[in-house]
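A quick write-up on the structure given underneath.
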Amino acid sequence: MRDQLVSYYWSGDAIRSRSVSGVVLSGTLDIPAPPERLVADWQRETSLRLGLEAGDVDELPLARARVRWPDYKHCVQAVSSWTHALGLHDLLASSDVALMTCRGAKYHHDGAQYGGMAFCNIFLSEDRGLDLHFPSTGHRIPLAMGTAVVFDTCQPHAVIQRGSSGFDVTSFSTDQDHIQVFLTWELPIENPDVVHALGVAFDIDHATSLRLDEEQVRLNGARASVCPESGRWRQTG
């Protein structure tokens, strides 16, 4: 019997249940490279202001980047054209977007905060020998400038060394450039186009959702977390 994962997320004023999709959509897009001075600024922000530790993910100021990146609109248009071809039509234009940075990323899921969303990411950094890994689905995507992905926020994922079997903090020393910067859009999971693309089923555990007051993912009925080194699910309560 297969393990059952269920996401419980806020839908309006109520908690709703849904399945966790194993679909990961990916592609490589032709996008204009960010200006070198802007890339250098992202490196300084990540290392100095944010002081990002290996495996952590944080936000960079998007408004400032847009002013300094004349081709930003062309990058967004490339992603929009790609998602439109996937059947997501004009969803990107109405979705929240953020600029993110990481020095690798430990295995995690985002279902405790973004269970009502799917993510659409476009990576803006050169190939630095890192992969975006989804251990539960087997997807392992080499990261380079223009790598684009759409996936369920509740699906465990990490940014790890190419050729490695998991996340190892010692592989991300500060004397090497392992920083990846990416744009991420939050796509509403209940949008019909997202439902169709990811194959999400809703209200699969209505009884449990009625007694919960916060977003979470459950494995076989028990609240679950992800091992940061291996990406394996584990029951926590």
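The numbers here are math on the coordinates, done by the rules we state, and not lab data. Model, not experiment: these values are computed from the prediction. Backbone-built Cβ (ideal geometry, glycine too); neighbour counts: all protein chains shown.
The ranking of T147, T208, T46 by Cβ neighbour count inside 10 Å, starting from the fewest, reads T208, T46, T147. Within region 1-35, what residues put their amide N at less than 16 Å from the label point 7 Å along the Cα-to-Cβ vector of H74? Backbone N within reach: 29-35. For region 30-109, the Kirkwood hydrodynamic radius from C-alpha pairs, put into Stokes-Einstein at 10 °C and a viscosity of 1.306 mPa s, yields a diffusion coefficient of 111 µm² per second.
Note on region 131-225: Cα-Cα pairs beyond 21 Å make up 51% of the total pair count. By the beta-carbon count within 10 Å of each Cβ, the least crowded to most crowded order of K73, K106, fewest first, is K73, K106. When the chain is treated as a Gaussian network with alpha carbon springs shorter than 10 Å, the biggest mean-square fluctuation among Q161, Q176, Q113 belongs to Q176.
Please name which of P70, S225, T184 has its Cα lying farthest along the dipole of the chain towards the positive end, using unit charges on Cβ (Lys, Arg +1; Asp, Glu -1) and the Cα centre as origin. So the residue furthest toward the plus end is S225.
Entry for the chain at q = 0.07, 0.13, 0.17 Å⁻¹: log10 I(q)/I(0) = -0.23, -0.79, -1.30, Debye formula applied to identical alpha-carbon scatterers, no solvent contribution. Residues H74, H157 in ascending order of nearby Cβ atoms (within 10 Å, fewest first): H74, H157. If R0 is taken as 30 Å, the Cβ-Cβ distance between E59 and Q235 corresponds to a FRET efficiency of 0.45.
Quick check for me: using +1 on Lys/Arg Cβ and -1 on Asp/Glu Cβ, what's the dipole size of the chain about its Cα centre, in debye to the nearest 20?
260
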